[in-house]
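Working notes, structure below.
Here, each number is a calculation from the coordinates, and none is a lab measurement. Just so it is clear, the structure is predicted and the values come from calculations on it, not from any experiment. In this analysis, Cβ positions are derived from the backbone assuming ideal geometry, glycine residues included, and neighbour counts consider all displayed protein chains.
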Amino acid sequence: MIYHGNRFTIKPGTPAERLEQALESLRNQGRQIPSVRHFTVGPDYGGEYDYGAVFAIDDLDGYWEYLTHPAHLHTDRIGLPLVDKFMSFDITDDPDPEMGAKIAALHQRRYDSDPELTRLVTDLGEYQGSAAPGQHHDQ
């Protein structure tokens, strides 16, 4: 099982209705993407981020389905322009010592095939973690 998470802060002055549309789009990912087993979207407590989302996915094939699903693409397009700081992370019980590099490779493959997405993440004030472009985590 892979738990893929995002933590983020919102740009000052973001209209409440646009923020709620983006959060609802994240929830919709959990409802619509077949490979998502469980999900949580809501306020992030105990840190420097405003909101977070966690999606439980069985394996790398499911992770790729999650990354490339139209519901995820929609969230990227409407949500990323509202975000200032973004952190992604993955937690897994898979014993494969290359899992971090494999996850990073899936994200890089997605960026390589989608210049608009790459522009959206490049425009973020800060982006770090497992899904950040050019990041490779071997553990």
Problem - Yes/no for I2 being touching a residue at least 24 places away in the same chain (Cβ under 8 Å), closer than 26 Å to P115 by Cβ and β-branched (V, I, T) - result: no
Scan segment 107-123 and give yes if some residue there is hydrophobic (A, V, I, L, M, F, W, C) and touching a His at 6+ places or on another chain (Cβ under 9 Å), otherwise no.
no
Counting only helices (runs of 4 or more DSSP H) entirely within segment 1-100, those with at least 3 residues that are surrounded by fewer than 16 Cβ atoms within 10 Å (Cβ to Cβ), more than 14 Å from the chain's Cα centre (by Cα) and not acidic (D, E) are 16-32
If we keep only residues of segment 102-113 that are surrounded by 14 or more Cβ atoms within 10 Å (Cβ to Cβ) and without any contact (Cβ under 8 Å) to a residue 40 or more places away in the chain, then the residue nearest to K11 (Cα to Cα) is Y111
Going through segment 30-66 in order, the residues found to be in contact with a Phe, Trp or Tyr (Cβ under 7 Å, 6 or more places away or on another chain) and farther than 16 Å from M87 by Cβ are G30, I33, S35, V36, F39, A56, I57, Y66
When segment 117-134 is checked residue by residue, the ones that are among the polar types (S, T, N, Q) and farther than 16 Å from D84 by Cβ are T118, S130
